[in-house]
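Where a number appears in this text, it was derived from the coordinates with a stated rule and is not lab data. Just so it is clear, the structure is predicted and the values come from calculations on it, not from any experiment. Note that we place each Cβ from the backbone using ideal geometry, even for glycine, and neighbour counts take in every protein chain shown.
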Amino acid sequence: MAADKAVFPGDSDQSLRDFQELLAQTGEVLRRDFSCRTGAFSGRTPGELKDILADDTLLPSRGLGSRETINLTAEKILPHLVNVASTDYMAHLHCATLPDSIIAELLLSVYNQSMDSWDQAPMATELELHVIKEVAALAGLSPETDGVFTSGGSQSNLMAMLLARDSYAAGRLNHDIRKLGLPDSFRKFRIYTSEAAHFSIEKSAQLMGLGFRAVRPVPVDRRKRMSTPHLERMIREDLDGGLIPIAVSATAGTTDFGSIDPLEDIRRTCDEYRLWMHVDAAYGAGLILSDRYRSRLKGMEKADSVTMDFHKMFMQPVSCSLFLLRNPSLFELLEIHADYLNREEDEEEGYTHLVGRSLATTRRFDALKVWMSFKSLGRETLSSHIESSVDMALEVYRYLEGSDDFEAVTEPEISSVVFRYLSPRGESETESLNGEIRKRLIHDRGIIIGQTRVEGKTFLKMTLMNPKITLDAIKRILNTIRSLAEAIRS
Ligand SMILES: *Cc1c(COP(=O)(O)O)cnc(C)c1O
C-alpha cells in the first residue's frame, strides 16, 4: 500500500479534515432524526424490522463510502432505534447518555487504548486507577480499596463470587482453586442472596462450577429487602446440615423494586459467620452522588466487594461498570502472568498491567467517560439529576396509591415503581390486561415501560432515570394505559 494513502483519521491533514466533515454530517443526521421523532420507538414489529433488512448485503464488493453509508444508516436504522432519552422510555435500568460521556466514547474509539497492559494504554491505565480511587472515596470505602472497570454488573458480580469462593478455599481449606480446580467439598458451598436479587448471582454460581442451586434465595420483607432473621436461620441450618456458607450477596437497589437490603445487619451476620460480604450496587450506586440519599447505602463501605454500574443511574453509554475490592491483594487470586503481556518484573518497577485483575483481556477505556462527565457536570448537577428521579418515583407511587384503578407493590427506595392496572371486573381480567397493555403501548403508542412478575402476577414497571421526566408526563402515560384498557375490554 502506498505510504501516502490515508486509511485512518490522523494519517494526514486531509484525512483529518475528511473525518471532521463526517462528524459534521453525523451531527446533522442526528439533528434530523431527533427532530422528527415522537415517543420512544417507531412501534414496528419484529417482522416489519426484518423486512427492512431483507435485501441487505453486509459486504458489497465495492464499498459505498462513508457519506452514503451514514445516509443509509440514517434512513434504515436510526428511525427504529429506541430513543432512550425520551420520557416515554422507562422499561429498564437503561439510561439516556450525557453529552460529555458521548464525546468521551468517540475519543476512546479514535484512540482505542486497550486496558490490558501499560504499554497499550499508559495514560489510560493511570486515569482508570485514579478514577477508581476517587469513586471509592465518594462511596466512603476505605483508601486501600482498588478495582477494575468491567463490561457490566454481571461481570462485576461474577468477579465478586469468584474471589469469595477462591479466597475461602485458599484461606480456610488451604486449597488453590486456580491451580487445582474445585476442592472435594465444593458441592457444599453456599451463597446467600435475596429472592429479589439479580439473576447474575445464580449465573455466576453456574459458571463457577457450583451450580445455581448453591445460591440460597433468602426471603424478603414487605418492602422487598432481604430478611436478616431468615438469612441467619438459613446459615445456621446449612451449617448444622454440614454445608459450607461462603458468601452473602446483598443488593443495594434490586433490579425490579430498587429495594436496598439492610447492609449493616448483613455485615454483622457476615462477621459472625466469617462470610464474604458482597454488595451488588449496580443500580443503587447512583445514590453516592446525593447528599440527601447517600445514607441509604450505609454499610456498603464495609463490604468486601462492591459492584457499581455507571451505565445505569450515572447516565453513561453502555458499557461502563466497576468492580471494587476492599483488600486488593486478593486480586492475586486471578492473576496469571504472560511473558508477552504483563511481565512480573514490570510491576515491580511501577508499571501497572490491569489485565492482572480483570476477567477480560482486551478492554475498553470506559473510565474516560466517567472522568469527563463528572468533571463537566460537577457534583451539584449530577446530584440534582439523581435526586429528581428518586423524588419523582415517590410522587408517582403516591399518585398510584391514591388512584382506585391502579395498585403499586411497594414504596420505592430509589427510582422504580412496580404497579398494575386494576380491572373493575376483577382479578382474572386484571391479569390478562396488563401484559396486553404493555404490548399495545409499544406498538400503538411508541411508549416502552417494563413488565415483571410479583407473587405470580403480572405487573408493570416504570424505571425512572431521566431527570426530564415530570409527573404530568407520567399521568399522560397512565391515562393512555386507562384508555388502552378500555379499548381492549370493549
Ligand atoms: C443491572 C443489574 C445487574 C446486571 O448488570 P449488567 O450491567 O446488566 O450486566 C446486576 N445486578 C443488579 C442489581 C442490576 O440491577
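Observations
- Restricting attention to region 130-145 and to residues that are small (Gly, Ala, Ser) and crowded, with 21+ Cβ neighbours inside 10 Å, the residue that is nearest to the ligand (Cβ to nearest atom) turns out to be Ala139.
- The criterion of being over 20 Å from the mean Cα position of the chain (by Cα) and either buried (at least 16 other Cβ atoms within 10 Å of the Cβ) or on the phi > 0 side of the Ramachandran plot (or both) does not hold for Ile201.
- Filtered by the rule that a residue be of a type outside the set (S, T, N, Q) and exposed (fewer than 15 other Cβ atoms within 10 Å of the Cβ), region 329-348 gives Glu332, Ile336, His337, Ala338, Asp339, Tyr340, Glu344, Glu345, Glu348.
- The single condition among (1) away from the ligand (no atom under 15 Å from the Cβ); (2) surrounded by fewer than 24 Cβ atoms within 10 Å (Cβ to Cβ); (3) over 18 Å from the mean Cα position of the chain (by Cα) that Leu289 does not meet is (3).
- If you go through region 81-124 and keep only what is in a helix (DSSP H, G or I) and in contact with a His (Cβ under 8 Å, 6 or more places away or on another chain), you end up with just Trp118.
One line per residue, one yes/no per condition, for (1) basic (Lys, Arg); (2) in a loop (DSSP other than H, G, I, E, B); (3) within 17 Å of Ile474 (Cα to Cα):
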site: Trp371; (1), (2), (3): no, no, no
site: Leu377; (1), (2), (3): no, no, no
site: Ser384; (1), (2), (3): no, no, no
site: Leu400; (1), (2), (3): no, no, yes
site: Glu413; (1), (2), (3): no, yes, no
site: Glu429; (1), (2), (3): no, no, no
site: Phe459; (1), (2), (3): no, no, yes
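- Of all residues in region 146-160 being within 15 Å of Ser321 (Cβ to Cβ) and either more than 11 Å from the ligand (Cβ to nearest atom) or of a type in the set (A, V, I, L, M) (or both), the one that is surrounded by the fewest Cβ atoms within 10 Å (Cβ to Cβ): Leu158
Here is a yes/no grid of residues against (1) more than 15 Å from the ligand (Cβ to nearest atom); (2) closer than 21 Å to Glu202 by Cα; (3) of a type outside the set (Lys, Arg); (4) without any contact (Cβ under 8 Å) to a residue 12 or more places away in the chain:
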position: Ile235; (1), (2), (3), (4): yes, yes, yes, no
position: Leu239; (1), (2), (3), (4): yes, yes, yes, no
position: Val306; (1), (2), (3), (4): no, yes, yes, no
position: Leu341; (1), (2), (3), (4): yes, no, yes, no
